[in-house]
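Okay, structure first, notes after.
Read-outs throughout are calculated quantities, based only on the coordinates presented, and are distinct from any laboratory measurement. What you are looking at is a predicted structure, and each value in this text was computed from that prediction instead of being measured. Because the Cβ atoms are built from the backbone with ideal geometry, glycine has one as well, and the counts that use them run over all protein chains shown.
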Amino acid sequence: MTSLTQKIHFAPAFPIPDYLVGEVQSKLAYVDENIRAAQVSPNGDDIQLTFGNAIDEEEKKLIESKVQRVVTSLVKGAFKPKVQILEDYLDRPLPYREDPMAELLRRGELSEEASGVYALGPLLTRLINWFESRFVALADSFSAQPYRFPTLIPARYMERVGYFRAFPHSLSFATHLHSELDNIDQFAQHAACDEQGNLNVPMERFAQFKALLSPAVCYHLYFALADKPLPNGRVTATAVGNCFRYESSNLTSLERLWNFTMREVIFVGPKEFVLENREIARQRMQKVFAEIGLAYRVESANDPFFIGEFRKQVAFQSAFQLKYEIRARLPFKDSTLAVGSYNYHQDFFGRHLNITLPDGSPTHTGCVAFGLERIAFAFLAQFGFDTAKWPKVIKESI
Ligand code: AMP
Ligand code: ZN
């Protein structure tokens, strides 16, 4: 089998400012199914798309118009958000500079089941368990109540909080065969996968979608509390769960997964209660990260909204300081990776889901979310595989 690739260059309709280069690049992955990689030059004046197939002039024109739609909606009229830095420990000394991916694969610590889907081995699992023990200790320090949530989430829940409009590109859907005997028999006899892993079954055999794979943990709590007064006027909860965000050709290593796990500590109650606890959580985690010498910073951020919603929502999030990310240093690529976030949703969920405070007003919500695979990956990227060079607290307990 020959593997054919074709690269195409475009000049963007508007020069892409440096603070949007990453955002435009990641959204270009959704322009066409056959895109293998999208790259925006660092100075923002060139876009390169790599295709897995040959592209003729006609197709190229169509693709260019879609590329320019992405560029225009993200760049035109955008202004540089003021980045607020709450903690900066990026320059902590680190013993390692390599990309841990090759070594993880070599050791059998990672096996790729599909793009963005990995089985993790004992070293990664033990590291994740260590970080989990710290996240659970954080939850305990707030007397957070433990919850367990399903992996599936009903489509009508997601509709109710406007998720389809905000993040359509990253949705993952779940279905099943129509419950009809001949249909199931036919499937049983003929279902097979092709070389790319695609199942040879037409969509008509499947039931309509009523469920999705959940993209976040805290949503489940808000739905459990919907359409009633909040018990005792406040709830603090914690849960860990599988989350799904389809990232198209951006799925390249353990940094960006389709299926990942998140631990969240969730605050529901009056505005001051949510904001104060979000701040206390940040200060408590600052001590944990200091103890292990993690190199990171905490800075204001925005969620990866799709192109139509992006500009408006990002301006809103930064104006109200709704999101801060814990960005760990990745020395091997001189960049940072979000390993967690401190979020405040104002009364968004309270209003949409009709969760009320004792005075009848909608509740406020916030969450602290940690990406478990990413924290383990960032740790290995900073400290490597020689446990003699690991922080004492981790070395001793795993
Ligand atoms: P967010 O709700 O987007 O702030 O996500 C919380 C955390 O989950 C992030 O800080 C990441 O550590 C992790 N996370 C989010 N998306 C992904 C992904 N596609 N792959 C791996 N981890 C992710
Ligand atoms: Zn959350």
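A helix-only calculation puts the chain at -11000 deg cm²/dmol for mean residue ellipticity at 222 nm, using -39500 (n - 2.57) for each DSSP H run of at least four residues, averaged over all residues.
Residue ranges 202-213, 332-343, 37-48 sort as 332-343, 37-48, 202-213 when ordered by packing (mean number of other C-beta atoms within 10 Å per residue, highest first). The C-alpha atoms of segment 202-257 occupy a region whose extents along the principal axes are 48, 34, 14 Å, arranged from largest to smallest.
Multiplying each eigenvalue of the alpha-carbon gyration tensor of segment 155-232 by 5 and taking the square root yields semi-axes of 34, 16, 10 Å, largest first, rounded to whole angstroms. Working ranking of peptides 345-354, 364-373, 385-394 by packing, defined as the average number of other Cβ atoms within 10 Å per residue, highest first, is 364-373, 345-354, 385-394. Computed over segment 274-398, the alpha-carbon pair-distance distribution with 5 angstrom bins reads 2, 10, 16, 18, 17, 13, 10, 6, 5, 2, 1, 0, each value a whole percent.
Rounded to the nearest 0.05, the FRET efficiency derived from the C-beta distance between residue 21 and residue 50 at R0 = 22 Å is 0.80. If you plug the beta carbon distance of residue 107 and residue 62 into 1/(1 + (r/R0)^6) with R0 = 56 Å, you get a FRET efficiency near 0.80. Protection proxy ranking of 168-177, 295-304, by the mean of other Cβ atoms within 10 Å over each peptide's residues and highest first, is 295-304, 168-177.
Among the cysteines of the chain, those whose beta-carbon sits 4.7 Å or more from every other cysteine beta-carbon are 193, 243. Between the C-alpha center of segment 1-76 and that of segment 235-265 there is a gap of 26 Å. Since only 8, 121, 394 are under comparison, the one whose Cα sits farthest along the positive direction of the charge dipole of the chain, derived from C-beta charges on Lys, Arg, Asp and Glu, is 394.
In terms of its alpha-carbon gyration tensor, the chain comes out rounded; the largest-to-smallest axis ratio a/c stays below the 1.5 threshold. FRET efficiency for the pair residue 39 and residue 272, taken as 1/(1 + (r/R0)^6) with r the Cβ-Cβ distance and R0 = 51 Å, rounds to 0.70. Each label was represented as a point 7 Å from its Cα along the Cα-to-Cβ direction; for residue 69 and residue 291 these points are 5.1 nm apart. Directionally averaged projected area (segment 6-75, Cα convex hull): 3.9 nm². Dipole of segment 175-291 computed with +1 at Lys/Arg Cβ and -1 at Asp/Glu Cβ about the Cα centre; of 267, 213, 226, farthest Cα towards the positive end is 267. About its Cα centre, segment 14-84 has a charge dipole of approximately 440 debye under the convention of +1 per Lys or Arg Cβ and -1 per Asp or Glu Cβ, with nothing else charged. Think of each Lys and Arg Cβ as +1 and each Asp and Glu Cβ as -1; about the Cα centre, that makes the dipole of the chain roughly 1240 debye.
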